[in-house]
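The values are calculated or read from the model by the stated rules, or taken from the named source; none is laboratory data. This is a predicted model, so every value here is computed, not measured. Quick reminder, even Gly has a Cβ in these numbers, built from the backbone with ideal geometry, and neighbours come from all protein chains shown. All accessible areas refer to the heavy atoms of the entire protein, side chains included, with ligands and DNA or RNA removed. Shrake-Rupley method; radii C 1.70, N 1.55, O 1.52, S 1.80 Å.
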Amino acid sequence: MSLLGRQTQKCPRCGGKALVNQYKCPDCGLVFAKLEMATNKEAAKRYKAKEREAIVFTKKVPSDLKRWKLILFGTLFSIVGGQYFYTRRWWWGLVYLLGFLFTCAVTFCATYYYAPLKTFVDVSSFFVGVYGLCWIYELVRVCLGRFKIPVSLPKGGIAEIMRAEGER
């Protein structure tokens, strides 16, 4: 991306463009330094506490998760939503798991019980095809680093954050 020939970055909160070396987003005021200390574990806690304004979805893997584990779960278990379970997005993981179970049940029924009914076999093939495309889409997103992970921004101003970093 470029803004008048300069390198830009996309704000994970509002989607606006900001210069790479800019302190905060000009549109929403998000301090980019806070993203370096954001964690996925805190995002899960804040989601339960209904503090959703502090949660940002970013493509950068936070410090409490490992990129290799995300790719492992994304490649081996993405058909059942493994990458969503790993990033603590339980509802989406459950949707993928139930979708997989439903597709397996429809395919089983079409194969063994309703084989003479061509229409049912066609319907089950449709479900398998749609689910297969979704699985491939998720697999590509995880492997190419396009999968968005919820992270929680640390509380307090940037001065408090820098002070806490100095104490560590």
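What to note about this one:
- Accessible heavy-atom area order of Asp27, Asp64, highest first, probe of 1.4 Å: Asp27, Asp64
- Exposure of Lys17 as accessible area (Å², to 10), given a probe of 1.4 Å and all protein chains: 100
- Rounded to two decimals, the Cα radius of gyration of the range 1-74 over 2.2 N^0.38 Å is 1.25.
- Per residue accessible area in Å² of the range 1-102, where ligands, DNA and RNA are left out and the probe is 1.4 Å: 64
- Residue order by solvent-accessible surface for Arg141, Arg13, Arg6 is Arg6, Arg13, Arg141, largest first, with ligands and nucleic acids left out and a 1.4 Å probe.
- Taking all protein chains together and rolling a 1.4 Å probe, Tyr23 ends up with roughly 120 Å² accessible.
- Inter-site label distance for Lys10 and Cys28 at 7 Å from Cα along Cβ, in nm: 1.3
- Accessible carbon and sulfur surface of the range 1-92 relative to its total accessible area, %, 1.4 Å: 58
- Solvent-accessible surface (1.4 angstrom probe) belonging to Val140, in square angstrom, nearest 10: 70
- Among the listed pairs Lys50/Lys148; Lys17/Lys148; Lys10/Lys45; Lys24/Lys69; Lys69/Lys155; Lys45/Lys155, those beyond 24 Å (Cα-Cα): Lys10/Lys45; Lys24/Lys69; Lys69/Lys155
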